[in-house]
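The values are calculated or read from the model by the stated rules, or taken from the named source; none is laboratory data. Since the structure is predicted, the reported quantities are computational estimates derived from the model, not experimental observations. Here the Cβ positions follow ideal geometry from the backbone for every residue, glycine too, while neighbour counts run over all protein chains shown.
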Amino acid sequence: MLLFGHRFIASKAFYHITDIDSIQKTPPSSLLYIQWSEKNLDVIEHIALNDIVFALRVKEIKEIIYASSLDAHYIVVDPELAKSAQNIANNYLFDAKILVKIEEEEEIEEMALLGVDGVIFANAIIKVNS
């Protein structure tokens, strides 16, 4: 299981961007994090075309499918969507890993029992201002 932002397990940070210009304000080889929205398609396509590793935050099942088709490396979902997201990823053999955004360490066990690829705590996401 992947753990991002756990208090005693070292991991890379994700840089939350909102536009193409904000990519320039991230360190080289950063993991980018972007919220799914049709308004962000230009940013998502730019990231994918430039082979940049990124996570796409989604809220619905159809958005999980979009994220995989847009070549997201990580698909970030809420706990309520964890089981369905992981089942879809397994069924369709996604290359992307499913990450569940959690707040408490106690949620790790529940996510492990559901078989999700990993979890991400809020402190693993750094907001980049454009």
- Message: List pairs: first residue in region 26-46 and touching a residue at least 12 places away in the same chain (Cβ under 8 Å) and of a type in the set (Asp, Glu), second residue surrounded by 13 or more Cβ atoms within 10 Å (Cβ to Cβ) and outside any helix (DSSP H, G or I) anywhere in the structure, Cβ distance under 8 angstrom, at least six positions apart or on different chains.
- Response: Glu45/Leu70
- Task: Give the residue, chosen from Ile98, Ile17, that is under 27 Å from Asn129 (Cβ atoms), in contact with a strand residue (DSSP E or B) (Cβ under 9 Å, 6 or more places away or on another chain), crowded, with 19+ Cβ neighbours inside 10 Å and not aromatic (Phe, Trp, Tyr).
- Result: Ile17
- Screening Ile65, Ile75 for residues that are more than 20 Å from Ile102 (Cα to Cα) and within 16 Å of the chain's Cα centre (by Cα) leaves only Ile65
- Task: Could you list, in sequence order, all residues of region 54-69 that are of a type outside the set (Phe, Trp, Tyr), crowded, with 18+ Cβ neighbours inside 10 Å and outside any helix (DSSP H, G or I)?
- Result: Ala55, Leu56, Arg57, Val58
- Message: Let me confirm something: among Val43, Val76, which residue is within 21 Å of Gly115 (Cβ to Cβ), buried (at least 16 other Cβ atoms within 10 Å of the Cβ) and modelled with pLDDT of 95 or more?
- Response: Val76
